[in-house]
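The values are calculated or read from the model by the stated rules, or taken from the named source; none is laboratory data. Remember, predicted model here, so these are calculated numbers, not experimental data. Reconstructed Cβ throughout: ideal geometry from the backbone, glycine too, with neighbour counts over all protein chains shown. Ligands, DNA and RNA are excluded from the accessible area calculation, which covers all protein heavy atoms including side chains. Shrake-Rupley method; radii C 1.70, N 1.55, O 1.52, S 1.80 Å.
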Amino acid sequence: MNEANGTQQRRHTEKRHFDTLAVHGGELRAGAKVPGEKGRGGDFYPMSTPIHASTTFSHSDAETADRVLGGEEPGFGYARWGNPTVVALEGALTELECPSGNGRALAVSSGMSAIHAALTAAELTSGSTVLVAEQVYGSTITLLLQVFAPMDVQVRFFDATDLGDLEKKVISLGPRAVVVETISNPLLRVADIPAMARITEAHGAALIVDNTFGTPYLQRPLEFGADIVVHSATKYIAGHGDLTAGVVAAAAPYDAALEQIRKTVGYVMDPFGAWLTLRGLKTLPLRMSRQCENARKVAGVLLEHPAVAAVNHPSLAGHPDGEITARVLSDTGGLVSFELSDGARGTAFRFLNALELCVRAPSLGDIYTIATHPATASHRELPPSRREKLGVTEGLIRLSTGIEHHADITGDLTRALDAL
Ligand SMILES: Cc1ncc(COP(=O)(O)O)c(C=O)c1O
């Protein structure tokens, strides 16, 4: 094996598994061209992609710089256009989200900037309509209403649990884009992305899927016909609650548009955040597997507790989307929500205050188990009537299970419930 000329990289052509791609994806191994490293000599390469903390890249001569800046030769010029650490992360994300070569992933500075880029790439211009699931993350709706609606974009809503409603509105409104999440927050309904993609494709709308709750471990929406996939990488993808990041993935023609928008608007990921995300990504399959298993166990224990009136988790018998879940997700997810029997806000707060292990915080997807009160956190900005329509009651708690031992999580929850 001659590592120096790259045979190690090219020898294996068989399709690798998700877990393997997560570990090795994007890393600059032997034979990979590492711009800027040329000329440093030695037959070695770093096992871990370095943090290239540089905004600008110099070249050996003006002609090379001209070719690189003109896109005739691969390389880096200015970090808003590309940075080696960020590009390494994008390589890994592309392998995970688009393993059959059906697109590429770009890293951006937050989940919200990923959504903004996707909506812009879908050409939501004056007079166009966007159809958005009423169950999506509150800030996505705020972005549409406060940034796109004033530019004369018509924002309309549909029920993501009702394909008939989607089809009817796609036909009557002719939207340019449809926005939906893989798994809804906080009631954890599972969207039928393949069926939605058939509807949007038949009527010329772009389907944008926020796959934050799913991650490519549970589902790769591009394979089901979605046009653009977005993530808040702040959550499961990075996984450790220590950075803010976003991902947007698509095939042509959207990928080039997304790259141009990112470069021009400037919501790029910083190299340190990219390095942490790349490091986090390596354990995504391990974390997700454990988080899904913990969520199933937590859901089972909650179901038996007298202080709990109802539990939402796709693994439970009687979940309204059992058939869809089996078809579109590889596992049942790491989020659980439940309704306290006494549905008062004060009781929900007493329960949250009694937790000793689970962290009270308005986020999800971390290695720590996180407990949230959606009515005063993710859905705080909505008027009470809208919260009620979405089933976000005062007694509803959302849990994002971490990777701790399941008995410690259920022990903490049971103790806090017993104390009510
Ligand atoms: C489903 C979903 N999408 C997007 C976002 C926004 O992500 P960020 O906070 O990284 O901008 C969030 C944040 O909670 C989210 O839950």
Handout entry: Quarter of Cα convex hull surface for the stretch 375-420, i.e. mean projection, nm²
Key = 4.1
Fill in the blank from the handout: The set of residues whose placed amide H lies less than 5 Å from the amide H of residue 210, leaving out same-chain residues fewer than 5 positions away, is 180, 181, 182, 230
Exercise for the section: Calculate, for residue 81 and residue 142, the FRET efficiency according to 1/(1 + (r/R0)^6) with r their C-beta to C-beta distance and R0 41 Å; round to the nearest 0.05. Expected result: 0.90
Completion exercise
For 386, 350, the accessible-area ranking with a 1.4 Å probe, largest leading, is 350, 386
Exercise for the section: State the antiparallel share, in %, of DSSP beta bridges confined to the stretch 112-197, rounding to the nearest 5. Expected result: 10
Practice task
Filter the cross-link list 235/263; 15/282; 168/235; 235/297; 169/389 down to pairs whose alpha-carbon distance in this structure exceeds 29 Å.
Solution key: 168/235
Fill in the blank from the handout: For the chain, whose charge dipole is built from +1 on Lys and Arg Cβ atoms and -1 on Asp and Glu Cβ atoms, the candidate among 349, 383, 401 with its Cα farthest towards the positive end is 349
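If you roll a 1.4 angstrom probe over the protein chains with everything in place, what fraction of the accessible area of the chain belongs to carbon and sulfur, to the nearest %? List each step's numbers first, then the result.
Values: 9770 of 18160 Å².
That share works out to 54 percent.
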Fill in the blank from the handout: Between residue 152 and residue 252, the two model label points (7 Å from Cα along the beta-carbon direction) sit apart by a distance in nm of 3.3
Handout entry: Residue-normalised accessible area of the stretch 284-418, given per residue in Å² at a 1.4 Å probe
Key = 42
